[in-house]
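The structure appears right after this line, and notes come after that.
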Amino acid sequence: MKVLVTGASGYVGSRLVPALLAAGHEVRASFSSPERAQGYAWVDDVEVVGMDVLDRDAVAAAVGGTPGTSAVDAVVYLVHGMGGNDFKETDRKAALHTADACAAARVKRIVYLSGLVPPVPREELSDHIDSRLEVEELLTASGVSTISLRAAMVLGQASTSFELMRQVAERMPVHVVPTWMDSKVQPIAVTDAIAAIIGALELDEDTPSRSYDVGGPDALPYAELLKRFAELNGTAKPQIKNVPGLPGVVVRKVAAALVDVPSSTVEAIMESLTHDMVCADDDYVAELLPDGHDVMGAEEAMRHALDVGEVEPDEHGHADPMGRWPSDPDWAG
């Protein structure tokens, strides 16, 4: 299968590409600028294409192929707008361009890594989650079989959620947890997320569009997750929990000011914690993961990520996905 990985330079995308190659798939990896691909060990094993998701013609060429190249069979959509006042509009345009290109090229499958959607009225969703849901709807409306994988939090060295926990645990003298943020969260290890993406690509062609909630076996309050991380990391601090009346915007701004993770990303993640981010079921385990695959628990995933530390991929880009890679952002690790 020839697979286009959009956002190949991102955290999940950079780790997905060598996993796809190992599974026997051909990969076309998109970059906003093709020159950026040279920093990845797997660059010589893939077809690199430049693609601005806001450029309709560029998206059509990446999906459908340029003269001398063929259309892809499937698209893994890893495009997420996180910052700016117009990120929802940017997400909308990018999804529409991709949906139209996939329909025109008769792509067989779209796999989208989305965000977990809590069971509340749509108007109560954060802008971040509402935008993810809208992208799901637009991709599905293409008529192409679209599998959306809804994750609350991806754990691994250099993931934004992991680095946010690390930096908050290390830099805040006391961990203040307002009542509204003591919601439950069900994280998934990046290795399990990658396995689910590959499983979704390999479903039968006639599989109808649907979403899967993807998470590890543990659902626990964010305050407890942070406490366990700090204990594993050796940076445990006193916690002041259940602080009533502390405005969400204040907490988000303070946290964003303390860490190196981009502030827009921090605020989007923390805004989503207003509701429990817990899977409704675990269908994906039986339907997407290979037989015998052991899903990591939250503490196991955090411990593994901390233990493996920084890794150096081999000449084909293979390395432990839970580790920090040289291609990861400077603010990670």
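The values are calculated or read from the model by the stated rules, or taken from the named source; none is laboratory data. The model shown is predicted, which means the values in this text are computed figures rather than measured ones. Here the Cβ positions follow ideal geometry from the backbone for every residue, glycine too, while neighbour counts run over all protein chains shown. Please note that ligands, DNA and RNA were not included when accessible areas were found on the heavy atoms of the full protein model with its side chains. Shrake-Rupley method; radii C 1.70, N 1.55, O 1.52, S 1.80 Å.
Tell me the residue from P262, P221 that is under 23 Å from the mean Cα position of the chain (by Cα), open to solvent by 10 Å² or more (accessible area, probe 1.4 Å) and modelled with pLDDT under 75, please.
Unique residue meeting the criteria: P262.
Give just the number: which of (1) at pLDDT 95 or above; (2) closer than 30 Å to S272 by Cα does V79 not satisfy?
(1)
Quick test of your reading of the structure: A305 fulfils all but one of (1) open to solvent by 20 Å² or more (accessible area, probe 1.4 Å); (2) among the small types (G, A, S); (3) in a helix (DSSP H, G or I). Name the failing condition by number.
So A305 meets the others, but not (1).
Could you grab me the full set of residues in region 5-43 that are in contact with an Asp or Glu (Cβ under 9 Å, 6 or more places away or on another chain) and outside any loop (DSSP other than H, G, I, E, B)?
Once the filter is applied, which keeps residues that are in contact with an Asp or Glu (Cβ under 9 Å, 6 or more places away or on another chain) and outside any loop (DSSP other than H, G, I, E, B), region 5-43 yields Y11, S14, V17, P18, L20, L21, E26, V27, R28, A29.
Just for region 44-81: of the residues that are assigned to a helix (DSSP H, G or I) and either without any contact (Cβ under 8 Å) to a residue 40 or more places away in the chain or open to solvent by 60 Å² or more (accessible area, probe 1.4 Å) (or both), which one is nearest to S131 (Cα to Cα)?
Residues of region 44-81 that are assigned to a helix (DSSP H, G or I), as a first pass: 44-45, 56-64.
So of that shortlist, the ones also either without any contact (Cβ under 8 Å) to a residue 40 or more places away in the chain or open to solvent by 60 Å² or more (accessible area, probe 1.4 Å) (or both) come out as 44-45, 56-58, 61.
Numbers: D44: 35, D45: 33, R56: 20, D57: 23, A58: 23, A61: 25 Å.
Only one residue tops the list, namely R56.
Exactly one of (1) under 23 Å from G115 (Cβ atoms); (2) touching a residue at least 24 places away in the same chain (Cβ under 8 Å); (3) open to solvent by less than 70 Å² (accessible area, probe 1.4 Å) is unmet by E287. Its number?
Unmet condition: (3).
Residue under question is H293, and the condition is that it be in contact with a helix residue (DSSP H, G or I) (Cβ under 7 Å, 6 or more places away or on another chain), of a type outside the set (D, E, K, R) and open to solvent by 20 Å² or more (accessible area, probe 1.4 Å); does it hold? Break it down into steps so the answer makes sense when it comes.
Working: in contact with a helix residue (DSSP H, G or I) (Cβ under 7 Å, 6 or more places away or on another chain): yes; of a type outside the set (D, E, K, R): yes; open to solvent by 20 Å² or more (accessible area, probe 1.4 Å): yes.
Judged against the criteria, H293 is a match.
Being touching a Gly at 6+ places or on another chain (Cβ under 7 Å) and aliphatic (A, V, I, L, M): is that true of A41 here?
Answer is yes for this residue.
Of the conditions (1) crowded, with 16+ Cβ neighbours inside 10 Å; (2) more than 21 Å from I197 (Cβ to Cβ), S33 satisfies every one except a single condition; which number is it?
(1)
Applying the selection to region 195-217, what residues are hydrophobic (A, V, I, L, M, F, W, C) and open to solvent by 10 Å² or more (accessible area, probe 1.4 Å)?
Across region 195-217, the qualifying residues are A195, I198, L203.
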